[in-house]
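Read the structure below first, then the notes.
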């Protein structure tokens, strides 16, 4: 179909048939020179096309650039915060398992990282290569290795060392709410390991080398 | 031009006001502690720690929870170096060396200097009256590091000491003393086998390296297996001194609270000024003396006499109660005759304590006794008299440090 000046005017007035409308739009999109079409005096195709697009754009429903909105810095940051939050909650849940059973058994097989968790009445940070069994029915903690425990309430527990060559127990100990206690199976030279259960403030009484290692491991 | 008498009076008045304000500002700007002679660091029964200052240890009483300043952060009693009105310590987490004053009853960090790779001070030593040499083992790099720190402007120069890294079954080094003698630096050290968090022990051998100074090149090395762990961590307690002749004495600490190799005896050894070498013929075996135990603290009284603080192995079971059971004795030792005499003091508690000050031949000894209270005792070695001085009543459980502040 030949795109004439009249056709373009009808297009502007919205009087074109569907076929004519398609023909005009095709012509608009085409970069081919159209020798048949005689432009109005003083106009050239590019300028006219730009004018027409401007008018058409006014009529078209506003098209939002979703890509632009998403990558707007505010939304980008908000999304990052939400993602981080979700990751954090997931990680926290993985690392701080809320364990509520009466008997809780935890084994930290890592060689370098503590295992932190909520276990019954305690928050426990279990050192690498350590294991613990908390029996809240009998009020007994069996463990081998090193740990830091923090009771959520005043409790009385018997702490028992269970490393292979050690069966020493602490006797009933009153553990006070909110205080950090360090427990370890401390191996003296030529002696059976000694069970140490110390309030964090008494950690200073340990030899400097032990104190340094424990403070580093439990981030004290 | 000032002409009228009234104008002159006004200027005089203004000058007086300016002078008074200036003085007041200077006074409030000074640290509260810098005024007093002695600093006392205590821990109360509930674990709260206080620093209190006083001009006299000879009598009276002092309640830290009333007149002291709460230590911030707590549990730094084994970290401090006290000098000319200020407290210095290494913050192991930030690896910063801090200069702390106490102002308006608060711990205030006055200045700081970053010490990369420094996570602990094993030993400190004075290069000049205002510059320090600190030495610490860095387990990450297995190197013994040092820093020379100028305390006035808080600048530091860091490096590492050329001591052989631990090898074989050993994975840790402790430097127990460093001492400048005849233009050289003598460093006493030993090795440990640390078993994760489950304990450690110490090599049967102690070493003394002689390094050139300031180049810090190895000149010679002394080795001895009669005892181990020469010296100790001197921010915790005193373990060595120089006598009037310039001879250097140190105690060795194989006991469970330091070397953890208690089958070895605690001994006093000597480095003579005449040849800067360990005197191989001088070995004062304290564990074989009437003391019959290991010991750690070591302070000079003067005139060839010293005080040692020794444990009683029958009274504690291990590290679990070592710090809280009163079991420590104080002995006067004669360094030349190699004799010992127990001071008739109540049994003392606390694994390591900076608890002796000697001034003008008189020893002031802080003793924590569960039954006889907490006192500074005054010992006169001339007539062997002992009497109670300053009392620290109230809630105090441990007197952890006493030292000269000014």
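Bear in mind that the values in this text are calculations on the coordinates, not laboratory data. Keep in mind the model is a prediction, meaning the values are calculated, not measured.
Worth pointing out:
- Distance from the Cα centroid of the range B:68-135 to that of the range B:138-171 is 17 Å (rounded to whole angstrom).
- Each principal axis of the Cα atoms in the range B:189-317 has its own extent, and those three values, largest first, are 43, 38, 28 angstrom.
- Alpha-carbon geometry of the range B:267-406: the Rg and the Dmax are 15.6, 51 Å, given in that order.
- Relative to the longest principal axis of the Cα atoms of chain B, the long axis of helix B:5-29 lies at roughly 20 degrees.
- Overall form of the range A:94-217 per C-alpha gyration tensor (a/c, 1.5; a/b vs b/c): rounded
- Helices in chain B, meaning DSSP H runs of at least 4 residues, each add -39500 (n - 2.57). Divided by all residues, the mean residue ellipticity at 222 nm is -2500 deg cm²/dmol.
- Mean projection area, nm², convex hull over Cα of chain B: 24.9 nm²
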